[in-house]
Amino acid sequence: MQGILQGKRGIIFGVMDKNSLAWYVACKCKDEGAEFVITNTDKAIKLAETNLIANELGCKVIACDATKVPDIENLLTEAQQTLGGKIDFILHSVAMSQNLRRHRKYPDSNYDYYNTTLDVSAISLHKILQTCIKTDALSEGASVVTLTYIASGRFMEGYGDMADAKALLESIVRNMGGIYGQLRKVRVNAISQSPTHTRAEKCFSKVEYFHKYADKMAPLGRATATDCANLCVMLFSDYTKGLTMQTLYNDGGFSQTVLSGNFMDSFYFNLK
Ligand SMILES: NC(=O)c1ccc[n+]([C@@H]2O[C@H](COP(=O)([O-])OP(=O)(O)OC[C@H]3O[C@@H](n4cnc5c(N)ncnc54)[C@H](O)[C@@H]3O)[C@@H](O)[C@H]2O)c1
């Protein structure tokens with residue numbers, strides 16, 4: 001049986017290791033018949049198991065710092081040469097905050113780090129899409145997906161300058177989606193994912209508590225990395241041709257819940 005991404009060509013940013021959300025997405029894309037390249041910074045490729053992972057996935061790795069336009073231009077050219085045509089889908093799974101890594105509290109953010117957080121975690125999507133438009137690298141009706149988090153629009157202690165980056169990212173999704181939709185029917189969407197164990201997440205404090213909280217509060221429990229990959233694949237496919245400029249909450253219902261019975265029960269038990 002043919003997969004729903006059969007014949008599609010993609011670029012997947014952000015595979016660092018086998019915990020990365022992008023790794024789950026890459027595996028699912030392969031299962032569904034897509035051909036793709038994976039990409040990360042030179043440093044990440046050298047540090048991590050990226051080449052081994054690429055062997056396992058049967059795909060090429062192309063180095064690209066997503067904040068550098070010449071790198072993006074090179075990536076788009078090489079990816080099209082490797083895959084044999086225009087690109088049908090892109091996963092932008094890229095984020096980094098030196099303020100969070102160095103445990104700087106939000107009011108005490110270092111502004112050089114702050115600028116880098118915005119550049120890496122949000123403006124990089126703008127740069128990728130701008131370069132795609134200028135070089136006409138995407139096929140008509142292509143699909144671009146980025147990953148975000150609910151703290152883009154709500155106060156969450158400890159999420160620091162990444163909250164601002166995610167707010168900007170979601171705005172770029174709307175504005176670039178509006179433009180690119182009219183130009184080439186390209187869809188641009190964000191998935192707001194439940195907290196999931198990955199390397200990026202390690203810089204947040206008290207992560208275990210937070211996972212338990214999200215698990216108890218969400219009526220379906222936290223959405224897993226596999227759930228995230230399944231949704232990405234659906235967004236890359238032709239089954240979602242009418243969907244663009246959205247932030248979709250893949251969070252087990254967390255974003256629509258003020259209080260759940262499951263959470264109340266565990267909270268009450270802990271109080272006693
Ligand atoms: N893990 C979670 O709980 C969670 C929840 C919601 C959203 N997200 C988002 O999912 C995305 C992927 O994160 P993850 O949790 O899989 O962690 P991860 O650390 O595996 O992925 C982050 C990736 O960004 C890459 N990156 C950093 N700087 C880059 C640059 N300049 N150019 C290109 N790539 C660069 C890293 O090398 C890494 O591969 C991020 O946008 C993150 O904010 C994660």
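In Å and from the alpha-carbon atoms only, list the Rg and Dmax of region 210-272.
15.1, 52
Of A229, A26, A122, which is the most mobile in a GNM of the chain whose springs link Cα atoms less than 10 angstrom apart?
Judging by the Gaussian network model, the answer is A229.
Provide Rg and Dmax in Å for region 1-152, with only Cα atoms included in the calculation.
Using the Cα atoms of region 1-152, the pair Rg, Dmax is 15.8, 55 Å.
Just how far, in whole angstrom, is region 53-131 from region 137-157 if you go by their alpha carbon centroids?
About 13 Å separates the Cα centre of region 137-157 from the one of region 53-131.
With the radius of gyration and the Kirkwood radius both derived from the Cα set of region 9-271, what is their ratio Rg to Rh?
0.97
What are the residues whose amide H is under 5 Å from the amide H of R187, where those residues sit 5 or more places off or on another chain and H is modelled from the backbone?
A142, S143, V144
Can you return the aspartates and glutamates within cross-link range of K30? Criterion is Cα-Cα under 19 Å, with same-chain partners fewer than 8 residues away left out.
Partners found: D17, E49, E56, D88, D227, D238.
Straight-line reach only, C-alpha to C-alpha below 22 angstrom: list the lysines that K43 could link to, leaving out same-chain residues fewer than 8 apart.
Answer for K43, where 22 Å is the Cα cut-off: K18, K60, K68, K127, K202, listed by chain and number.
Tell me the relative contact order for the chain as a rounded percent, counting alpha carbon contacts under 8 Å between residues six or more apart.
Rounded, it is 18 percent for the chain.
Give me the one-decimal nm value for the distance between modelled label points at L259 and E73, 7 Å along each residue's Cα-to-Cβ direction.
5.8
Roughly how many debye, to the nearest 20, is the charge dipole of the chain about its Cα centre, given +1 on each Lys and Arg Cβ, -1 on each Asp and Glu Cβ, and no other charges?
The calculated dipole for the chain is roughly 260 debye.
Just so you know, all these numbers are worked out from the coordinates, no wet-lab data involved. All values reported here derive from a predicted model rather than from experimental measurement. When we count neighbours, we look across all protein chains shown, and the Cβ atoms used for this are built from the backbone with ideal geometry, even at glycine.
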